[in-house]
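Here is the structure we will look at.
The values are calculated or read from the model by the stated rules, or taken from the named source; none is laboratory data. Owing to the predicted nature of the structure, the values given are computational and were not obtained by experimental measurement. As a convention, Cβ positions derive from the backbone with ideal geometry for all residues, glycine included, and neighbour counts pool all protein chains shown. Remember, those area values only see protein heavy atoms, side chains included, never the ligands or the DNA or RNA. Shrake-Rupley method; radii C 1.70, N 1.55, O 1.52, S 1.80 Å.
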Amino acid sequence: MLRVMGMLLIRRVGLFCRSAHLSPQSLEYRPIKKVMVANRGEIAIRVFRACTELGIRTVAVYSEQDTGQMHRQKADEAYLIGRGLSPVAAYLHIPDIIKVAKENSVDAIHPGYGFLSERADFAQACADAGVRFIGPSPEVVRKMGDKVEARALAIKAGVPVVPGTDAPISSLQEAEDFAKTYDFPIIFKAAYGGGGRGMRVVRDYEELEENYQRAYSEALAAFGNGALFVEKFIEKPRHIEVQILGDKYGNVIHLYERDCSIQRRHQKVVEIAPAAQLDPHLRERLTSDSVNLAKQVGYENAGTVEFLVDKHGKHYFIEVNSRLQVEHTVTEEITDVDLVHAQLRVCEGRSLPELGLEQDKIQINGCAIQCRVTTEDPSRGFQPDTGRIEVFRSGEGMGIRLDSASAFQGAIISPHYDSLLVKVIASGKDLPTAATKMHRALTEFRVRGVKTNIPFLQNVLSNSQFLYATVDTQFIDENQKLFNLKPTQNRAQKLLHYLGHVMVNGPVTPIPVKAKSSSVDPVVPSVSLGEPPMGFREVLLKEGPEGFARAIRQHQGLLLMDTTFRDAHQSLLATRVRTHDLKKIAPFVSHNFNNLFSLENWGGATFDVAMRFLWECPWKRLQELRALIPNVPFQMLLRGANAVGYTNYPDNAVFKFCEVAKENGMDIFRVFDSLNYIPNMLLGMEAAGTAGGVVEAAISYTGDVSDPMRQKYSLEYYLKLANELVKAGTHILAIKDMAGLLKPEASRLLIGALRDRFPDVPIHVHTHDTAGAGVAAMLACAHAGADIVDVAVDSMAGMTSQPSMGAIVACTKGTKLDTGVSLDRVFDYSEYWEVARGLYAPFDCTATMKSGNSDVYENEIPGGQYTNLHFQAHSMGLGNKFKEVKKAYAEANKLLGDLIKVTPSSKIVGDLAQFMVQNSLSRAEVEERADELSFPLSVVEFLQGHIGIPHGGFPEPFRSKVELERGKTLHIKALALGDLNKSGQREVFFELNGQLRSVLVKDTAAMKEMHFHPKALKDVRGQVGAPMPGKVVEVKVKPGQKVEKGQPLCVLSAMKMETVVNSPISGIISKVHVNADSSLEGDDLILEITE
């Protein structure tokens, strides 16, 4: 035992000899039991974790604004400091920090980085209070923190320096004198801090005064001292820094270098260790100069020596950061040295050799990259973004390290502190490997609620210069392609916001007109007593579908199908007609129109509107109308395999639907497919036939068979389709012209060819009258051999509805096509609907649309959809842009390969058209950017083949470029609605794919009673809004003052960076809405200028 003690004594004496300037008492090993971190955020948590690993108890301090921050929760104890002070001032309040430390038996204080970390007076205050400062001695902090003195020490140590002032400047004049001596560009730097704060490059005399003031103000706000010094600005240097570590015994080692050249506004964005393609001789000079300088000043603990390296490989000393750096992580990853552990052990009195930290043992192992994920918007000059993080999901996995504090769902990003959200560190065998891991991790991140720089970082990591060459501090400024940011889709959160808005403010169906429903009820024409006369339904019930079809074909004269009970009011009144109004007129129709071929009164839109808006049962409607009209056949639309929906249903569901529809009174099933896709149609035909219904196979019409220049949908195309349908056993052959594109000549050619080819099959033609040529087209069809045409009663006809019943009856009267319908009864029928239509005035298309339009021959918009798009355009205040909507529809149709446009294919074209208008995209831009745009789901599913294969195949290369995501389903459950907060918002809680999500939604009703700062109107030239959230530092103008375009108006501070707001125009200041210390949100009105 005595021998061992003797050896320890000899060793301690030896250590004393190596550091003769230290007293024996200072070299005693004193364990640390409790550490306070005088900082916040991720660096506080980083130190807490290291302390916990070493068995040291931890203490956090926090400002009043940081009560919800994570660093409070990670410490064993947490105490409030700076009560009543501003957010930054709280962490700069030395007396409070020392008081908390003494009251809670804190052994040592770690300053982190920023705030007080390089303040010698803080280090001294710790020493005076008997609390150890985890860092260099107060004297070394003072020397290194004073950039001018540090510069003098570097010169003394033989380290090259950049030309600069010998002391902090005290006036603008001194800066002007320096510029005259060394010429521009020059750079202002904060004398008592770093991190880019208080740093401004000046390139000419015009910028000098403004940049001097901004640099002084930023330095004062960030470090509590606005002192500046001036240096010659080195153009396009590399920014290389060396990590050093010293102990109390004079030992100093380096842990190699980091490349911090990728910067914006002098703040580091990406850091790499070791520096890529660095000459070994230059590395040796950098590291030896760093160690020599540290030894000269007796440096203890961790620090960084920073250099600029010009394009000739010459290096210049910048400064020493006498603290832990934000980017210390990459050094830890490549050296396997825990720098915070080392800081704590050195502070306790351990020597570097005792810790196994000797220069020859420090080796570089691979490469590490750190990306600072910040809440900044690269597309707007990296303006800080603030708010609430609604969604946070990180990227993890092999080779990834995350250091964060505010990165969690529900975190509030404040404008008062740094914009750093999380540090992501990736390690690999070399730079490309580490970059690949980093890119993958960033791709996994999902941050919603605030903007981040992740898309920008991904572009940096993919840049060939970054990966395979060297970068300098101008890398970002000279690579504008880095700002070609891939937009985030954010589909789930957008959907939650929409649902939340509906939950808070109720559903909104915007009505563009103030029309009120008529107070007059329609009068039902008189109906004779007794049973209604026989009609074609008796033929159907007696002879079956085949006999019914023969009777139709043998009938002399033109037969009519009345669409008034469905398609007419779908086209004109948004399908809002109630069963009540249909039932009232039903007996009149039964007694007076028994010779109609059928009534079209049921289909997909019936189901949609009955259940979503009318709250009626569509099955009950069918049953009640059947009881009132027993003699006229009913017809419905069946969308092939889609039945009455918008997606493919299982076969057995379609069969069962047809069976139940037939049992409840349906007779004729008009089966169609929006793409004329035969496999889908055959399923519907078989289902209708099996149910005992009349099968009417309908070919959807588009194009123009009379135009020799448009031959995608040629006469031969339609004849071939018809041949397949007749072979499949259709009872009736129909042409479904949803957009009203059939012109008289095309009618003659198409129907004439079909009649010649199929002389025994009844032919039925459906059209819309959008262009106003419907009557002429239907008469042409009748003369060419059509047996049935569709009409609507006069007061429900025309425009996007069907041609007029009265017009067809009158034009064929006394001819071989005579319909046998009484014109007088048509007038009575029409009068009822004219008055009934007034009940639906708010939904009547004539409120916004006064006529049809022949441009339908160009845009090919189906009748009902034409009405809906027109209504929606007016609802959104885009009535004057309806021409653009129609043009976009035509362009969208071309993009999708010129489709047949019938529900649901027409909806797909419409969705793409509205997407183009909303995002101001041309056809060429959509084609060019198809691989990055987030298209409507209906478009994606169409390109995936969900509704069938279009004639001619899918459009290429458009289809191949669109991201066809499969297997992505959102399962959403609404959970709860929160109370109103002071901002007029309610928090709405959901469960999304099993995880809790919430969104903040403005309560529009409550906000009407609350006062908010006015917003700048973007379409008013003289209104100047805040470009970002922040606090007003200075207002430079006053009402009545004349200003020139570009003149500074005020200064905003956000996240310790200052932004000057300049005048967008020349004029007179009419009103100022802010003052110094005003807190603003983005786009808040600052002032108004009158030209």
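Data table
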| read-out | value |
| --- | --- |
| Members of the stretch 844-864 found to be out of contact with any helix residue (DSSP H, G or I) (no Cβ under 6 Å at 6 or more places or on another chain) and of a type in the set (Val, Ile, Thr), listed by number | THR846, VAL856 |
| Flag for VAL765 being part of a strand (DSSP E or B) and either of a type outside the set (Asp, Glu) or in contact with a helix residue (DSSP H, G or I) (Cβ under 7 Å, 6 or more places away or on another chain) (or both) | yes |
| Yes/no for GLY645 being touching a Lys or Arg at 6+ places or on another chain (Cβ under 9 Å), open to solvent by less than 20 Å² (accessible area, probe 1.4 Å) and either at pLDDT below 95 or basic (Lys, Arg) (or both) | yes |
| Close pairs (8 angstrom Cβ cut-off, 6 or more residues apart or separate chains): over 17 Å from ALA792 (Cβ atoms) in the stretch 807-823, open to solvent by 50 Å² or more (accessible area, probe 1.4 Å) anywhere | LYS816/GLN556; LEU817/HIS783 |
| Odd one out for ARG264, checked against (1) in contact with a Gly (Cβ under 6 Å, 6 or more places away or on another chain); (2) open to solvent by 10 Å² or more (accessible area, probe 1.4 Å) | (1) |
| Looking only at the stretch 980-1028, and only at residues there that are within 14 Å of HIS501 (Cα to Cα) and without any contact (Cβ under 8 Å) to a residue 40 or more places away in the chain, the one that is least open to solvent (accessible area, probe 1.4 Å) | GLY984 |
| Long-range neighbours under 9 Å by Cβ, at least six apart or interchain, first residue over 17 Å from GLY82 (Cα atoms) and touching a residue at least 40 places away in the same chain (Cβ under 8 Å) within the stretch 103-126, second polar (S, T, N, Q) and open to solvent by 30 Å² or more (accessible area, probe 1.4 Å) | ARG119/ASN225 |
| The stretch 287-299, subset surrounded by fewer than 24 Cβ atoms within 10 Å (Cβ to Cβ) and touching a strand residue (DSSP E or B) at 6+ places or on another chain (Cβ under 6 Å), residue nearest to ALA275 (Cα to Cα) | THR287 |
| Condition met for VAL589 (surrounded by 24 or more Cβ atoms within 10 Å (Cβ to Cβ), in a helix (DSSP H, G or I) and touching a Ser or Thr at 6+ places or on another chain (Cβ under 9 Å)) | yes |
| Helices (runs of 4 or more DSSP H) within the stretch 86-147 that include 2 or more residues over 16 Å from ARG323 (Cβ atoms) and not aliphatic (A, V, I, L, M) | 94-103 |
| Residue count for the stretch 311-324, restricted to those that are part of a loop (DSSP other than H, G, I, E, B) and either among the hydrophobic types (A, V, I, L, M, F, W, C) or surrounded by fewer than 24 Cβ atoms within 10 Å (Cβ to Cβ) (or both) | 5 |
| Sole residue being β-branched (Val, Ile, Thr), within 26 Å of the chain's Cα centre (by Cα) and modelled with pLDDT of 85 or more, chosen from VAL1043, VAL999, VAL1020 | VAL999 |
| Matching residues, the stretch 663-689, being part of a loop (DSSP other than H, G, I, E, B) and either over 18 Å from ALA734 (Cα atoms) or hydrophobic (A, V, I, L, M, F, W, C) (or both) | ASN664, GLY665, MET666, PHE672, LEU675 |
| Among (1) under 30 Å from HIS783 (Cα atoms); (2) touching a residue at least 12 places away in the same chain (Cβ under 8 Å); (3) surrounded by fewer than 18 Cβ atoms within 10 Å (Cβ to Cβ); (4) of a type outside the set (Ser, Thr, Tyr) - the single one ALA847 does not satisfy | (1) |
| Residues that are out of contact with any strand residue (DSSP E or B) (no Cβ under 7 Å at 6 or more places or on another chain) and without any contact (Cβ under 8 Å) to a residue 60 or more places away in the chain, drawn from the stretch 1039-1070 | GLU1044, LYS1045 |
| Total residues in the stretch 798-816, condition outside any helix (DSSP H, G or I), open to solvent by 20 Å² or more (accessible area, probe 1.4 Å) and not hydroxyl-bearing (Ser, Thr, Tyr) | 4 |
| Any hit, the stretch 297-310, residues being closer than 22 Å to VAL159 by Cα, under 45 Å from the mean Cα position of the chain (by Cα) and outside any strand (DSSP E or B) | yes |
| Residues that are open to solvent by less than 20 Å² (accessible area, probe 1.4 Å) and either over 19 Å from HIS497 (Cα atoms) or in a strand (DSSP E or B) (or both), drawn from the stretch 385-411 | VAL391, GLY395, ASP403, ALA405, SER406, ALA407 |
| Scan of the stretch 251-267 for residues that are within 25 Å of ASN292 (Cβ to Cβ) and in a strand (DSSP E or B), ordered by number | VAL252, ILE253, HIS254, LEU255, TYR256, GLU257, ARG258, ASP259, CYS260, SER261 |
| The stretch 1069-1088 - residue that is under 9 Å from GLY1025 (Cα atoms) and among the hydrophobic types (A, V, I, L, M, F, W, C) and, of those, surrounded by the fewest Cβ atoms within 10 Å (Cβ to Cβ) | LEU1085 |
| Cβ pairs under 7 Å, 6+ apart, first in the stretch 222-239 and part of a helix (DSSP H, G or I), second surrounded by fewer than 21 Cβ atoms within 10 Å (Cβ to Cβ) | none |
| Selection count, the stretch 690-728, where residues are closer than 19 Å to MET636 by Cβ and either open to solvent by less than 10 Å² (accessible area, probe 1.4 Å) or part of a loop (DSSP other than H, G, I, E, B) (or both) | 11 |
| THR470 open to solvent by 40 Å² or more (accessible area, probe 1.4 Å) and in a loop (DSSP other than H, G, I, E, B) | yes |
| Answer residue from the stretch 729-762, given it is small (Gly, Ala, Ser) and touching a helix residue (DSSP H, G or I) at 6+ places or on another chain (Cβ under 9 Å) and is surrounded by the fewest Cβ atoms within 10 Å (Cβ to Cβ) among those | GLY729 |
| Test: PRO160 is of a type outside the set (Gly, Ala, Ser), open to solvent by 30 Å² or more (accessible area, probe 1.4 Å), at pLDDT below 90 and over 22 Å from GLY349 (Cα atoms) | no |
| Criterion: surrounded by 22 or more Cβ atoms within 10 Å (Cβ to Cβ), of a type outside the set (Lys, Arg), at negative phi and within 21 Å of the chain's Cα centre (by Cα) - qualifying residue of LEU496, LEU485 | LEU496 |
| Of residues in the stretch 221-252 being among the aliphatic types (A, V, I, L, M) and open to solvent by less than 10 Å² (accessible area, probe 1.4 Å), the one nearest to the chain's Cα centre (by Cα) | ALA222 |
